[in-house]
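One structure is given here, and the rest of the page talks about it.
The values are calculated or read from the model by the stated rules, or taken from the named source; none is laboratory data. Source: prediction; values computed, not measured. Note that each Cβ is placed from the backbone with ideal geometry, even for glycine, and that neighbours are counted across all protein chains shown.
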Amino acid sequence: MQNIEESYTTYQENLALEKELNILRNDYYYKMIDSREVALVDFLYQPLDTLSGDAYTARIIDENRTFYLLVDGMGKGLSASLTAMSATIFINHLIDKMLEHESFSLDILIKESMDFMKPLLLDEEALSIDYILFDSYFAQLEYAKFSMPPFLLEDDKRKIIKIKSNNPPMSKWNKSYKIDRCSVKSINKFLFYSDGMVENSTNDGFVYSKYIVDDFLNAYTKEDIKQSFLSKIAEQEDDITFIFINKLQLNEDTLMQNMTFETSLDAVSKANEWYQNLYADETASIAFNELFMNAYEHGNLGLDTKTKHKLLEDDIYFESLLEYEKDCKKKITVKIYKIKHLHNSYIITKIIDEGKGFDTKMLSAIFRHSQKFNGRGVYVSRKNSMGIYYNYKGNSVLFLNKV
Amino acid sequence: MDISVSSNTIAIQGNIKSIADHQKIKETIDELIKTEKHIILNIQDSISITSSVIGYFNKLVLKDNIDLHINIGSEQLMELFKDLNFVSLFHAKKV
């Protein structure tokens, strides 16, 4: 009887988590900002319990604008989770409607969501929430912060700028709100986070707020911040959510190699050999092999997963590839950059194919069910790098390795 | 956490961190506001404050129209109030 109850509980918990992840709309799932500049957008969403009081959203408004939302419900448990999820669902629905009519407005979004939330909030409930609109064309941040921890920004002189909340917490009783703007032209790195991170006790008897600025300054990737945080705490005490954005300096000065390959199995071997000779790093080579092969078979040859499985089952996979590539004039370009950050160097490899691209949201299912055959290459690449990121179309992938 | 009342002034000693602390603060102030509309709260040394206490103070000020003034002893807590935009709402100042 107990086993049946336990498996029912586990089943419900898994369903709840899947529902939560469905609610958190993330247009930047394994995507980078690749318009005027390249920036990596990473997320950490680590609920303390099944029902999280934190929520976030990242929505592409147009080719230059991105909207980010961070919500932190008051307290813990079901009430906080219901509030956070309700707000996120409504805001995303509103954004969908605005995008449908090509009429996004941050002001209207905030006003309408406040009007929506007020009746739902209890008399003494205070909701912490960040509304952030990032415009990469005008290099501007527009924001309304309702009692959330300060944004951390690092400029090109390694100076930290803290942007504090410009509104008290959202509640049943608020009558107005403020939206502010700031230029982010010289800003290379951003961190938006909920208070679960900074209020967590550290092993030395303090709280993480003591360390967050230094750790942010020293971090180059999301993994850097995550590991710095986890190494300082004994256990997680609250829901942890953060959004980390890092502009990469991909330019002529940092470009080390630029090669173009044909779409052929022969070129796949040559590319792999070339890359291995450049960088003896085995993990980087593994990631390169998998992603280059993807660019070849799924990108330029346009082979979908179903067809690939059929060819493999029929044992005619390689002969078929040789047939398909005969008519393919498309190319695969590989660019390799080397970037120094403090005492570390990073190799950034970009593989660009000329295919139709794909929707990176399908990667979510792949990474949750890694034992299935589909997408194992991408899964392996992620494991052998510090992160993989696709452009919006999905025909260009970038991955990082520390040298 | 210890709490004491003198006229319209409440003094809180110790850290505000638990549900019990929130309940104690709420019971004390709910009793006081039956007769007082202007309240001074001295948070002497707490370095923390819970979101439920903030939510309660928020309701006192915005719904119940209580004129609340908070004096804060800890620099750390004062920084938190500045970061989270509580200073103006609660007339908070460092003492």
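Quick notes
- Residue ID - modelled with the lowest pLDDT, chosen from residues in segment B:29-60 that are of a type in the set (Ser, Thr, Tyr) and surrounded by fewer than 17 Cβ atoms within 10 Å (Cβ to Cβ): B:Ser48
Results for (1) under 9 Å from the mean Cα position of the chain (by Cα); (2) small (Gly, Ala, Ser), shown as yes or no for each residue.
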| residue | (1), (2) |
| --- | --- |
| B:Asn42 | yes, no |
| B:Ser46 | no, yes |
| B:Gly55 | no, yes |
| B:Asn58 | no, no |
| B:Val61 | no, no |
| B:Asp64 | no, no |
| B:Asp67 | no, no |
| B:Ile70 | yes, no |
| B:Glu75 | no, no |
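- Taking helices (runs of 4 or more DSSP H) as the structural unit, those lying wholly within segment A:194-257 and holding at least 2 residues that are farther than 28 Å from A:Pro169 by Cβ correspond to A:212-218, A:222-232.
- Top-ranked residue in segment B:72-95 [being of a type in the set (S, T, N, Q) and over 13 Å from A:Pro149 (Cα atoms); ranked as surrounded by the fewest Cβ atoms within 10 Å (Cβ to Cβ)]: B:Ser88
- Complete set of residues in segment A:115-173 that are within 7 Å of another protein chain (Cβ to nearest Cβ) and either farther than 30 Å from A:Asn218 by Cβ or β-branched (Val, Ile, Thr) (or both): A:Asp123, A:Glu124, A:Glu125, A:Ala126, A:Asn167, A:Pro168, A:Pro169, A:Ser171, A:Trp173
- Those residues of segment A:47-61 which are within 13 Å of the chain's Cα centre (by Cα) and not aliphatic (A, V, I, L, M), in sequence order: A:Tyr56, A:Thr57, A:Arg59
Conditions (1) within 19 Å of the chain's Cα centre (by Cα); (2) at pLDDT below 90; (3) in the same structural domain as A:Glu125 (by TED's automatic domain parsing), marked per residue:
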site	(1), (2), (3)
A:Tyr11	no, yes, yes
A:Leu21	yes, yes, yes
A:Glu37	yes, yes, yes
A:Tyr45	yes, no, yes
A:Glu63	yes, yes, yes
A:Leu69	yes, no, yes
A:Gly77	no, yes, yes
A:Glu100	no, no, yes
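- Which numbered condition A:Gly205 misses (of (1) crowded, with 18+ Cβ neighbours inside 10 Å; (2) within 14 Å of chain B (Cβ to nearest Cβ); (3) more than 30 Å from B:Leu60 (Cα to Cα)): (1)
- Taken together, B:Lys94, B:Lys26 contain a single residue that is more than 10 Å from the chain's Cα centre (by Cα) and either away from chain A (no Cβ under 12 Å) or at pLDDT 95 or above (or both), which is B:Lys94.
- Matching strands (runs of 3 or more DSSP E) fully within segment B:1-86 where at least 3 residues are free of Cβ contacts under 8 Å to residues at least 24 places away in the same chain and out of contact with any His (no Cβ under 7 Å at 6 or more places or on another chain): B:2-6
- Residue check for A:Ser186: in contact with a strand residue (DSSP E or B) (Cβ under 6 Å, 6 or more places away or on another chain) and hydroxyl-bearing (Ser, Thr, Tyr): yes
- Test: residue in segment A:142-150 that is among the charged types (D, E, K, R) and crowded, with 20+ Cβ neighbours inside 10 Å: yes
- Residues being in contact (Cβ under 8 Å) with a residue 40 or more places away in the chain, over 23 Å from A:Ser113 (Cα atoms) and either within 14 Å of chain B (Cβ to nearest Cβ) or buried (at least 18 other Cβ atoms within 10 Å of the Cβ) (or both) are represented in segment A:47-64 by at least one member.
- Those residues of segment A:259-317 which are among the polar types (S, T, N, Q) and in contact with a strand residue (DSSP E or B) (Cβ under 9 Å, 6 or more places away or on another chain), in sequence order: A:Thr260, A:Thr263, A:Thr283, A:Asn294, A:Asn300
For every residue, the table says whether it meets (1) surrounded by 19 or more Cβ atoms within 10 Å (Cβ to Cβ); (2) at pLDDT below 95.
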{"site": "A:Asp156", "(1), (2)": "no, yes"}
{"site": "A:Ser171", "(1), (2)": "yes, no"}
{"site": "A:Tyr177", "(1), (2)": "no, no"}
{"site": "A:Asp180", "(1), (2)": "no, no"}
{"site": "A:Phe216", "(1), (2)": "yes, no"}
{"site": "A:Glu237", "(1), (2)": "no, yes"}
